[in-house]
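In what follows, a structure is listed as C-alpha cells, so that the remarks can point back to it.
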Amino acid sequence: MLYQWKFRPYQRRFKQPLQTSHGCWAVREGVILRLVDDAGSISWGEIAPIPWFGSETLEQALAFCHQLPTVLTDDLIFAVPDTLPCCQFAFESAWEGLQESAIAQAAPQRDRGAGNQASFVTASSTLRPQNSNLAALNSAITVQNSALRDQSSDVAVQSSTLRDQSSEVAVQSSALRPQSSEVAVQSSIVAVQNSDSTDQNSVLRPQNSNVAVQNLICQPQSPVITAHIPSRLPTPDSQLSPSPYSALLPAGNLALHTWQPLWDQGFRTFKWKIGVEAIATELKVLDALTQALPKPAKLRLDANGGLSADETTQWLQACDAMIDPSNRGVVLEYIEQPLPIAQFQSMQDLTQHYRTPIALDESVATLQQLQTCYEHGWRGIFVIKPAIVGSPSRLRQFCQHHSIDAVFSSALETAIGRRAGLRLAASLGNPDRAVGYGTTHWFKDSESDAFEQLWQTL
Ligand SMILES: [Mg+2]
C-alpha cells in the first residue's frame, strides 16, 4: 500500500502557562500528519514532543518529516527509529486509522458476501464480555481477520453496524467529557466474547482489557500484510470502554480555586502539580485541598521528578497520615514521579516503606524505559503518555504480555493525538483508574474533532 502524506506544524497557546518543576510552559508546539491511502481514505497523526520528558525535539521531528519521501509505504511507516518516539506514535496511529477505515469500508461487502451467517450472528448476539460491565447488544456482527497466517491468535472482531456508534464514541471520548456522561457513552459500546475462542486467545489478551476477540469466521478480506506490520490491528472503537477523566489542576493555591468548576463538570479525579513552590507552602495547600474536595474525589500529586529525597519523605509521610483515620473526603491515589529518573532504586525502596503508592512517569516516558523499569522489578503504577511512548503496536504487545497497572495520560496534544491515545488507554489501561486526559480546559482554542477543519487552519 502507498500513502500520500503531508505534515504541518502547529502551535497552541495555554490559557495560562503550565507550571511544573521543569519550568513554565506557555505554548504547545507539534506537527499534524495527514495520510491518504489508495482508496482516498484520510487519516491523521500527531507528533507532540516534550523534550524535557525524554522525547525528540520538535526540530528533530520536523527534520525527520522533511527527509521522508512524499509517498510512504508500510515499511517506511514502521521503520521510524526508536530515537523518534513521538514520530513513531504519529505515523503508526495514522496508519492504524487507515486500516480501520479499510475494515469499515469492507464490512458491508463482507456482510453481503457472507450471505446468511445466521448461526454466527445468533451466537454473537448472546455473547457477553468477560471483563466488562457492558452489555453485549450487537445483533449483527461480522468478523475481520487481519492476518490469516495467524488465525488462531489474531482475529479482530469488527461490527459494521456499530461503526457509526463507534465514531460517536470517539468524538465524545476525545472531547472534555465529564464522568456524568459516561453512562450514555457506555451504552453505545459493545464488546463480545466468544467462549469457544477464549482459550486460544486468552494468553494474548491484556488482563485489564475489555478487548474481546473472535475467530469463528476467517475469510481473507484484508490485503497481505508484510512482515514489518503488526498482525494485530487496534481494537475497534466499538469495543473500547471509556474510563473517567482526571482533570489537571494548576500548581500552588490556584488549585483551590480551580477544582470546583471542574467538579461541577463531573470530574472526580484531579491531578495537582507539586514541587513548584516551597514544600511548606504546598503542604498547607494540600491540607486545604483535601479538606475542600468532597467525596468521592481522588487526588494525584505530580512532582515531575522535582523533589529531593527529604522532600519526598515529607510528602509520603503527609499523604500516609491522611489515609486513616481520616475525615477527609479525598483519596490520595498516588504521588507521581517524586524523584528524578536516575533515582529509580530509591523510588523502588520507598514503595516498601509507605502506604501511599508511587507512580512512575518521566522514568517510563518511552517504551524502552518502560521495559527497563519493568525488568528492574517495578510493579507499581506506570503513567503512560502514548504520544511520547513510541510505537502503539509495540506498546500494545508489551501490555498484552505483561500485567501492569497502567494509567494513560495526555501529553497536552490536540484532539488528533488524544483520540489515538484514548484508544490505547481504553484497551490497555487499568479501568479502575481515571485517564489523565482532562486537559482541554488549559487551552484557549476550542477542541474540535473536525480534523480536516483543524488542518485547514494550520
Ligand atoms: Mg507526570
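Below is a table of values for the structure above.
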read-out	value
Cross-chain or 6+ apart pairs with Cβ under 6 Å, region 82-94 first and closer than 18 Å to Val71 by Cα, then part of a loop (DSSP other than H, G, I, E, B)	Cys87/Val80; Gln88/Val80; Gln88/Gly390; Gln88/Ser391; Phe91/Val80; Glu92/Ser391
Matching residues, region 274-310, being in contact with a helix residue (DSSP H, G or I) (Cβ under 9 Å, 6 or more places away or on another chain) and within 16 Å of the ligand (Cβ to nearest atom)	Ile274, Gly275, Val276, Glu282, Leu299, Leu301, Ala303, Asn304, Gly305, Leu307
Search result, residues across region 397-442 that are among the hydroxyl-bearing types (Ser, Thr, Tyr) and over 12 Å from Pro386 (Cα atoms)	Ser403, Thr414, Ser427, Thr439, Thr440
Long-range neighbours under 9 Å by Cβ, at least six apart or interchain, first residue without any contact (Cβ under 8 Å) to a residue 40 or more places away in the chain and more than 24 Å from Thr440 (Cβ to Cβ) within region 267-280, second among the β-branched types (Val, Ile, Thr) and more than 14 Å from the ligand (Cβ to nearest atom)	Glu277/Val285
Restricting region 396-409 to residues that are under 15 Å from Arg423 (Cβ atoms) and outside any helix (DSSP H, G or I), the residue that is nearest to the ligand (Cβ to nearest atom)	Ser409
Neighbours by Cβ (under 7 Å, 6+ apart or cross-chain): first from region 332-358, touching a residue at least 12 places away in the same chain (Cβ under 8 Å); second more than 15 Å from the ligand (Cβ to nearest atom) and in a strand (DSSP E or B)	Glu333/Lys298; Thr356/Leu332
Selection from region 333-364 of residues that are away from the ligand (no atom under 15 Å from the Cβ) and among the hydroxyl-bearing types (Ser, Thr, Tyr)	Ser346, Thr351, Tyr354, Thr356
Residue match in region 298-311 (condition: surrounded by fewer than 18 Cβ atoms within 10 Å (Cβ to Cβ), without any contact (Cβ under 8 Å) to a residue 60 or more places away in the chain and touching a Phe, Trp or Tyr at 6+ places or on another chain (Cβ under 7 Å))	no
Selected residue (only one of Gly421, Gly429, Gly436, Gly380 is over 29 Å from Ser346 (Cα atoms) and either of a type in the set (A, V, I, L, M) or within 16 Å of the ligand (Cβ to nearest atom) (or both))	Gly421
Filter result for Thr414 (within 15 Å of the ligand (Cβ to nearest atom), under 21 Å from Trp44 (Cα atoms) and touching a residue at least 60 places away in the same chain (Cβ under 8 Å))	no
Strands (runs of 3 or more DSSP E) fully within region 12-86 counting 3 or more residues that are not β-branched (Val, Ile, Thr)	23-36, 42-47
Hits in region 410-451 - residues which are of a type in the set (Ser, Thr, Tyr) and assigned to a strand (DSSP E or B)	Tyr437
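No lab work stands behind these numbers, since they all come straight from the coordinates. Please read these numbers as outputs of a predicted model, since none were measured by experiment. Positions of Cβ are backbone-derived with ideal geometry, glycine not excepted, and every protein chain shown enters the neighbour counts.
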